[in-house]
Amino acid sequence: MEKAFHTLEEVHGHFDNDHFAVDNGIVIEEFGEKTAVCSVELTEHHRNAMGNVMGGVAFTLADYTFAVAASSMHVPTVTMQVSLNFLSNVKGTKLIAKAACIKDGRSSAVYNVDVRDDTGRDIAQFVVTGFKL
């Protein structure tokens, strides 16, 4: 059944059940029409054996932010294809992802998700094609 969320409360009611994201500290900061902002405060839990922030943290944050943004147009919309470019190492203590729709089609949508740290450093660019189930 096709539906969409319209309020931050509706989004939280659904996505607070995403235990992987929630257990890793990802929070929804903003929700709008085909847009979202999510963030994660970085801890030692997010670091790899070399002491750097694990690339999977940026990937998970970007994918989750896409899902939140896409829920304003169609639920469920799932990730079908991803292109991710890692741009820089993290220097800050927080990652922030901003998702925006660049193409909303009948059965799919394309989103751009920019991931930055709290120093303003560009960390990753995530382009995702979502499929509307």
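The values are calculated or read from the model by the stated rules, or taken from the named source; none is laboratory data. The model shown is predicted, which means the values in this text are computed figures rather than measured ones. For neighbour counting, all protein chains shown are included, and Cβ atoms are generated from backbone atoms with ideal geometry for every residue, glycine included. What goes into the accessible areas is simple: the full protein's heavy atoms, side chains included, and nothing from ligands, DNA or RNA. Shrake-Rupley method; radii C 1.70, N 1.55, O 1.52, S 1.80 Å.
Tabulated data for the structure shown
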| read-out | value |
| --- | --- |
| Residue that is nearest to Thr65 (Cα to Cα), among those in segment 83-102 that are more than 17 Å from the chain's Cα centre (by Cα) and open to solvent by 50 Å² or more (accessible area, probe 1.4 Å) | Thr93 |
| Pairs with Cβ under 7 Å, 6+ apart, first in segment 48-61 and over 7 Å from Leu95 (Cβ atoms), second in a helix (DSSP H, G or I) and among the small types (Gly, Ala, Ser) | Thr60/Ala21 |
| Filter result (assigned to a strand (DSSP E or B), open to solvent by 30 Å² or more (accessible area, probe 1.4 Å) and under 22 Å from Val127 (Cα atoms)) within segment 9-52 | Val27, Glu29, Glu30, Phe31, Thr35 |
| Residues of segment 110-133 classified as within 23 Å of His74 (Cα to Cα) and either among the hydroxyl-bearing types (Ser, Thr, Tyr) or in contact with a Pro (Cβ under 6 Å, 6 or more places away or on another chain) (or both), total | 3 |
